[in-house]
Each structure stands twice: as C-alpha cells, then as structure tokens.
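The values are calculated or read from the model by the stated rules, or taken from the named source; none is laboratory data. A quick note: this is a predicted structure, and the numbers were derived from the prediction, not measured. Glycine also receives a Cβ, built like all others from the backbone with ideal geometry; neighbour counts cover every protein chain displayed.
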Amino acid sequence: MINKDFNFKILNILIIFLFLNACQESVDLNQNKESIYDYHSDQILGNPIRISISEGDIDIYKIVSDTLLDSLGNILLYGGVGIEVFDDNGDKTNDIFSNRAIVYTNSDSMSAYGDVMAVSSLNGYKLYTEKIILYNDTKLVKSNSEILFVQNEDSLRGIGFWSDFDMVNWKIDKPIGLIQKGDND
C-alpha cells in the first residue's frame, strides 16, 4: 500500500511539473513582437519585413522591405521597398516603390529614394523620379528632382513636382520638352 501511494504521489508531482513547464512554454510562445521597439537590435532583416504605421485605428503606411534599420529614431528601409499610402479615412491613395526609404518618426512623413515610382490608386497616374517626400500632415507629395509624369497616354517631363496624395491636383515646376497641338502638315 505504501509503495502504491508513493508511486501515485510521484506521478502527481510529475504531472504538475509537466503542466507547469507546458504553461511556461505557451506563455513564451504568446509573447508576439508587435512593435519595432520590441526588438533589441538596430537592424531587422526579413523576407520581406512587413510593417504598418498608423494613427489610432487608421493606417497611414503599410510597408514591405528587405531591411529595416533604426537610426536616431527614424526608420531606414532598404531593398525592395513597397509602400501603400492611406488617407485620413483609411482609403489607399497610392503605391510607392523604391530602393530605399526613410520614415521620420516625429512627423510620420517619409522620403523615398532610388528608382522611385508612385502610382495613384484613384486614377492610375504614375510618377517616376529619384527622390520624393511625402508630407503626411498636409497630404502632399514633393520632388525637387527630374521627374516623368504619366497620365493615360500622355507623359510630361520636368524638374520639381508637387501633388496631393491622389495625384489629382499636381504641378511640374520646370517642364522640359515640347507640347504640340493640332495638325502639322
């Protein structure tokens, strides 16, 4: 009888130990890293990295990139950068593709560099340049570089570009080229 009680106590202790160990492992598995500030490294590599930047429940940017680097509080993105930009209602306004980008964390504004292409979700207009800045507070896009702006079948070149996020209202500061109307017989 003593041997049976002893075996029963050992079995109970073993079950309790296994249960506590299993609970500890599930707690560790449930600690998801939901913010880049949860990572202790200044550099995060992914295949790709996917991040969202939001104000409250509204997304501002959804970004994919190969490398994320925290530099003096700003977020540097490298390699295959794709950015979805959203308005105050949470509607997507455009997609931006580039080689690199910087998200300025104090203002949630952003710069994109290297083979930049911005595509309006509203009308399909495309902007090609080497650098743009997106001002989130005013919802403006600006480039001081040479640009190619394509709308439907027309393309315009110039230096300097201003636009709203939807690329409905836009301005090329210094147009380059020739615009010709009518027959040239």
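Tally the residues that are over 24 Å from the mean Cα position of the chain (by Cα) and among the small types (Gly, Ala, Ser), restricting the search to region 138-159.
Looking only at that region, the number is 2.
For region 157-180, name all the residues that are among the small types (Gly, Ala, Ser), part of a strand (DSSP E or B) and more than 26 Å from residue 60 (Cβ to Cβ).
Result: 158, single match.
Would it be correct to say that residue 98 is closer than 21 Å to residue 119 by Cβ, assigned to a strand (DSSP E or B), modelled with pLDDT of 85 or more and hydroxyl-bearing (Ser, Thr, Tyr)?
yes
Take the conditions surrounded by 16 or more Cβ atoms within 10 Å (Cβ to Cβ) and farther than 20 Å from residue 55 by Cβ and apply them to residue 158. Does it pass?
So residue 158 fits the description; yes.
Check region 64-84 and report whether any residue there is more than 14 Å from the chain's Cα centre (by Cα), of a type in the set (S, T, N, Q), assigned to a strand (DSSP E or B) and modelled with pLDDT of 50 or more.
Within region 64-84, one or more residues are more than 14 Å from the chain's Cα centre (by Cα), of a type in the set (S, T, N, Q), assigned to a strand (DSSP E or B) and modelled with pLDDT of 50 or more.
Considering only region 111-156, how many residues are out of contact with any strand residue (DSSP E or B) (no Cβ under 7 Å at 6 or more places or on another chain), in contact (Cβ under 8 Å) with a residue 12 or more places away in the chain and assigned to a strand (DSSP E or B)?
Going through region 111-156 one residue at a time, the tally reaches 1.
Based on what the data block shows, is residue 88 exposed (fewer than 14 other Cβ atoms within 10 Å of the Cβ), in contact with a strand residue (DSSP E or B) (Cβ under 8 Å, 6 or more places away or on another chain), assigned to a loop (DSSP other than H, G, I, E, B) and not hydrophobic (A, V, I, L, M, F, W, C)?
yes
Please state which one of 150, 85, 103 is of a type in the set (Val, Ile, Thr), assigned by TED's automatic domain parsing to the domain that holds residue 54 and farther than 25 Å from residue 48 by Cβ.
150
I'm checking my understanding of the structure. Among residues of region 157-180 that are without any contact (Cβ under 8 Å) to a residue 24 or more places away in the chain and of a type in the set (Gly, Ala, Ser), which one is nearest to residue 87 (Cα to Cα)?
Ranking the candidates gives 160 first.
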